[in-house]
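Derivation of every value follows stated rules applied to the coordinates shown; laboratory data play no part. Note that the coordinates shown come from a computational prediction; the quantities given were computed from them, not determined experimentally.
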Amino acid sequence: MFFTTQDPQVREIVYVEYPKDGMWVPAYVTNRINDSYILYIPTSPNPTSGFTVLVHKDKVVKSAMNIEEVSSFVISVGVDYAKPDETSNLYK
C-alpha cells in the first residue's frame, strides 16, 4: 500500500528553506526517492501538525541534531536549540 525506499526508517534531520527562501526550518526526512527528499516540517509548538514536502537533495542542509533534539526545538518554539552553531551553515 505504501511506497518506501530500501531504508524504511529514515532517521535524519535536515534544514530546508520554507515557506520561502531565506527562512530555514528543521525537517524530518521521511523518505528518499532518487534525488528527492520527502520531508515532514513540524509546526511549533505542536509537532504533530505540519507539512509534507518534496524537495531536491540540493535544497537541504544536513543537521547533526537527532530526533529528540529537533522535537525539543519545535516544542520549545526555538528556546531549546541543541546545535546553534549550525546556523553558520545556513546563511552562506
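Computed values, structure above
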{"item": "Inverse mean reciprocal Cα-Cα distance (Kirkwood Rh) of the chain, Å", "result": "13.6"}
{"item": "Whole-number percent relative contact order across the chain, with pairs defined as alpha carbons under 8 Å at least 6 apart", "result": "24"}
